[in-house]
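Undergrad: The structure under discussion is supplied below as structure tokens; questions concerning it will follow.
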Amino acid sequence: MSKHHSSKSNADRSIFIGFLILMLWLPLPLGSNRPWAWAIMEIWIFSLALAWLWGFLRGYLSLTPVFSKAKPILILFLLWLFYIAFQCISLPFSLVEWLSPEAAYMHTLAATQSIPPTTATLSVDPHITTVSLLKSISYILLFILTLLLVNRRKRLRWLAYTLVFSGLFQAVYGGLMTLSGMEYGFFHEKIYYLEVATGTFVNRNHLAGYLEMCLAIGIGLLIAQLSDSTSKTWRQHLRSVVDWLLSDKMRLRLYLVVMVIALVLTRSRMGNTSFFASMLIAGIIGLMLSRHATRATVILLVSLIVIDMLIVGAWFGIDKVAQRLQQTSFAAETRDEVDVYTLPYWQDYLWVGSGLGSFPVVFPRYRQQDVRQFFDHAHNDYLEFGAETGIIGLLLVGSSVILSLFIALLAQYRRRDPLCRGIAFSAVMSITAILIHSSVDFNLQIPANAATFMVILAMAWIAYFLRSHKQHRHRRKSTVSKLIDRERESHSPPAGPPT
């Protein structure tokens, strides 16, 4: 019995450690936004999933209650995978003509002979859609692994701190490169985005998107550690201040300050806007939903906005971000033309899309002479997902995000556990920030950011359905009692004949 328990514990712990290391690795190689980098990500995730499945089949591992409760979003994700696979498979040409006339026309143009093909795919480029399908499978497996591995409050805290430390490294590295003038990315000298922080990402906006999520996790952890103790005398007040300065909360607060500095140094207009807007929105929602809001929570949220914007921003150039916002004009921007030309592209592939990942193949047919450079992504995740997967795909993706946001809001309203409430706040803030930022950028097309976002969606479900400390202790006591009863029954002498 003890040997089996030890094997189960070792298998579970090893997979979880590999999972945490993966979360640290993902942003390092240019945000995993290169074929070799996302291939490593996929192999890593598939290996962790196979290791967990092997442990499950051997009886070492088991499904968690959170996994069982997350069936609605798992069904949505499964439908998404079937839908993208449907875009890749060969169908009768007449069916493709009925579902997507424009895709049928594109396949006709690509045919080597004048005779129309007998079969075709809904995707105009089935190869690139297959590559995107593999990414989608890895993202969803990562979501499932989060539900299966983060089965205790301690592990939820470990995962949250891993994301905070990953964001802190990106902030320190990006800040040092910018302030020192060395300007190195991931083992290469930067060519673009000089004098702004990019960390190990290529694009400053993608570092900003990653920092938004890590900052949200850190703020949630800070909220989870707050207490509302009142000091009656000046000695008690002084003692509480000293205790706070020497506590983990102070170190975490400093980590957040460093990340805010790096966010300001990215000079990303929507990155900074979405961070402060999401913090304000999540704070207001949190105070409205909270039945146990403390004075310390209100003070923290106000200090985060005031201190970070006025003091940190004044020292490290938030005025330059504001200047960029003031100087923004449609005449100087190209991304708005890309969005405008993506609309007729989407109209031609309205319901089923041109195939996930096919934007760089299809968009050149729709751009005009005022857009000469090559665009591999639309600077708008909504338009890109809509054009590539149609209304059907956009509804599937959007429903999964909105459902997770709703679960996070429920966790904030119903849960009493401070950690779960703090993580729920983090999920609300992260989702809000990415939803705002996605209107002008393509963070969800970057593997590191998309994978991190999927983990945060899973953390919303964990925050709502994870057993509290009292429930876990009660369940453990009942399990021990059952084992003791079984042990007594096995050692008790057989009953004698009736007298």
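The values are calculated or read from the model by the stated rules, or taken from the named source; none is laboratory data. This structure is a prediction, so every number in the text was calculated from the model and none was measured. Quick reminder, even Gly has a Cβ in these numbers, built from the backbone with ideal geometry, and neighbours come from all protein chains shown.
Undergrad: Among the residues of region 180-208, which ones are assigned to a loop (DSSP other than H, G, I, E, B), within 20 Å of Asp441 (Cα to Cα) and not small (Gly, Ala, Ser)?
TA: Taking region 180-208 as the starting set, the residues that turn out to be assigned to a loop (DSSP other than H, G, I, E, B) are 181-183, 185-188, 190-203.
Imposing the further condition that a residue be within 20 Å of Asp441 (Cα to Cα) reduces the set to 192-194, 196-203.
Passing the criteria: Tyr192, Tyr193, Leu194, Val196, Thr198, Thr200, Phe201, Val202, Asn203.
Undergrad: Further, regarding this structure: From the residues in region 48-71 that are under 20 Å from the mean Cα position of the chain (by Cα) and buried (at least 18 other Cβ atoms within 10 Å of the Cβ), which one is farthest from Leu149 (Cα to Cα)?
TA: My answer is Ala70.
Undergrad: Mind checking which pairs have a first residue in region 155-176 that is closer than 18 Å to Phe453 by Cα and a second that is modelled with pLDDT of 95 or more and surrounded by fewer than 16 Cβ atoms within 10 Å (Cβ to Cβ), Cβ under 7 Å, 6 or more apart or different chains?
TA: That search, which allows pairs on different chains as well, returns Thr162/Leu24; Ser166/Leu24.
Undergrad: Taking only region 98-129 into account, find how many residues are surrounded by 18 or more Cβ atoms within 10 Å (Cβ to Cβ), more than 34 Å from the chain's Cα centre (by Cα) and either touching a residue at least 40 places away in the same chain (Cβ under 8 Å) or assigned to a helix (DSSP H, G or I) (or both).
TA: So the count comes out to 3.
Undergrad: Of the residues that make up region 167-179, is at least one in a helix (DSSP H, G or I), within 16 Å of the chain's Cα centre (by Cα), over 14 Å from Ile446 (Cβ atoms) and not aliphatic (A, V, I, L, M)?
TA: Yes, region 167-179 contains a residue that is in a helix (DSSP H, G or I), within 16 Å of the chain's Cα centre (by Cα), over 14 Å from Ile446 (Cβ atoms) and not aliphatic (A, V, I, L, M).
Undergrad: Within the set of pairs 6+ apart or on separate chains, which have a first residue in region 192-219 that is touching a residue at least 60 places away in the same chain (Cβ under 8 Å), a second that is of a type in the set (D, E, K, R) and buried (at least 24 other Cβ atoms within 10 Å of the Cβ), and C-beta atoms under 8 Å apart?
TA: Within 8 Å, the pairs are Asn205/Asp441; His206/Asp441; Gly209/Asp441.
Undergrad: Same structure, new question: What are the residue pairs meeting all of these: first residue in region 398-416, first residue within 14 Å of Ile462 (Cβ to Cβ), second residue of a type in the set (Val, Ile, Thr) and modelled with pLDDT of 95 or more, Cβ atoms under 8 Å, and 6 or more apart or on different chains?
TA: From residues that are within 14 Å of Ile462 (Cβ to Cβ), the pairs are Ser404/Ile73; Ser404/Ile431; Ala408/Val428; Ala408/Ile431; Ala411/Ile423; Gln412/Val428.
Undergrad: I'd like to verify a number: residues in region 32-47 that are crowded, with 17+ Cβ neighbours inside 10 Å and of a type in the set (Lys, Arg), how many?
TA: Adding up the residues that qualify gives 0.
Undergrad: Go through region 19-64 and give me each residue that's farther than 23 Å from Gly167 by Cβ and in a loop (DSSP other than H, G, I, E, B).
TA: Once the filter is applied, which keeps residues that are farther than 23 Å from Gly167 by Cβ and in a loop (DSSP other than H, G, I, E, B), region 19-64 yields Arg58, Gly59, Tyr60, Leu61, Ser62, Leu63, Thr64.
Undergrad: Can you name the number of the only condition in (1) of a type in the set (D, E, K, R); (2) at pLDDT 65 or above; (3) surrounded by 14 or more Cβ atoms within 10 Å (Cβ to Cβ); (4) closer than 30 Å to Glu195 by Cα that Glu388 fails?
TA: (4)
Undergrad: Report yes if Gly386 is under 22 Å from Ile456 (Cβ atoms), in contact with a Gly (Cβ under 9 Å, 6 or more places away or on another chain), of a type outside the set (S, T, N, Q) and assigned to a helix (DSSP H, G or I), otherwise no. Break it down stepwise before answering.
TA: On the way: under 22 Å from Ile456 (Cβ atoms): no; in contact with a Gly (Cβ under 9 Å, 6 or more places away or on another chain): yes; of a type outside the set (S, T, N, Q): yes; assigned to a helix (DSSP H, G or I): yes.
The answer is no for Gly386.
Undergrad: Looking at Tyr210, is it surrounded by 15 or more Cβ atoms within 10 Å (Cβ to Cβ), over 28 Å from Arg416 (Cα atoms), of a type in the set (Ser, Thr, Tyr) and modelled with pLDDT of 90 or more?
TA: Values: surrounded by 15 or more Cβ atoms within 10 Å (Cβ to Cβ): yes; over 28 Å from Arg416 (Cα atoms): yes; of a type in the set (Ser, Thr, Tyr): yes; modelled with pLDDT of 90 or more: yes.
Here the answer is yes, as Tyr210 does meet what is asked.
Undergrad: Quick one: would you say Arg367 is at pLDDT below 70 and among the charged types (D, E, K, R)? Full working, then the answer.
TA: Working: at pLDDT below 70: no; among the charged types (D, E, K, R): yes.
When the stated conditions are applied, Arg367 does not pass them.
Undergrad: Something else: Hey, could you check region 423-468 for residues that are over 18 Å from Phe275 (Cβ atoms) and of a type outside the set (A, V, I, L, M) and say which is nearest to the chain's Cα centre (by Cα)?
TA: Per the criteria, the residue is Pro447.
Undergrad: Name the pairs whose Cβ atoms lie under 6 Å apart, with the first residue in region 419-435 and under 14 Å from Phe465 (Cβ atoms), the second surrounded by 24 or more Cβ atoms within 10 Å (Cβ to Cβ) and β-branched (Val, Ile, Thr), and 6 or more positions between them or separate chains?
TA: Ala427/Ile456
Undergrad: Inspect all residues belonging to region 335-344 and state whether any of them is touching a Ser or Thr at 6+ places or on another chain (Cβ under 8 Å), buried (at least 21 other Cβ atoms within 10 Å of the Cβ), modelled with pLDDT of 90 or more and not basic (Lys, Arg). Show your work before the answer.
TA: The initial filter retains those residues of region 335-344 that are touching a Ser or Thr at 6+ places or on another chain (Cβ under 8 Å), namely none.
No: region 335-344 contains no residue that is touching a Ser or Thr at 6+ places or on another chain (Cβ under 8 Å), buried (at least 21 other Cβ atoms within 10 Å of the Cβ), modelled with pLDDT of 90 or more and not basic (Lys, Arg).
Undergrad: Kindly check whether there is at least one residue in region 243-253 that is at pLDDT 90 or above, surrounded by fewer than 22 Cβ atoms within 10 Å (Cβ to Cβ), over 19 Å from the mean Cα position of the chain (by Cα) and part of a helix (DSSP H, G or I). Let's see the steps before the verdict.
TA: First, the residues of region 243-253 that are at pLDDT 90 or above: 252.
Those left that are additionally surrounded by fewer than 22 Cβ atoms within 10 Å (Cβ to Cβ): 252.
Then drop every residue that is not over 19 Å from the mean Cα position of the chain (by Cα), which leaves 252.
When the remaining residues are screened for being part of a helix (DSSP H, G or I), the result is 252.
Yes, region 243-253 has at least one match.
Undergrad: In region 408-433, which residues are surrounded by fewer than 23 Cβ atoms within 10 Å (Cβ to Cβ) and farther than 17 Å from Leu287 by Cβ?
TA: The answer is Asp417, Leu419.
Undergrad: At pLDDT 95 or above and loosely packed, with under 12 Cβ neighbours inside 10 Å: which single residue out of Phe82, Phe16 fits that description? Break it down into steps so the answer makes sense when it comes.
TA: Values: Phe16 fails: loosely packed, with under 12 Cβ neighbours inside 10 Å.
Only one candidate qualifies: Phe82.
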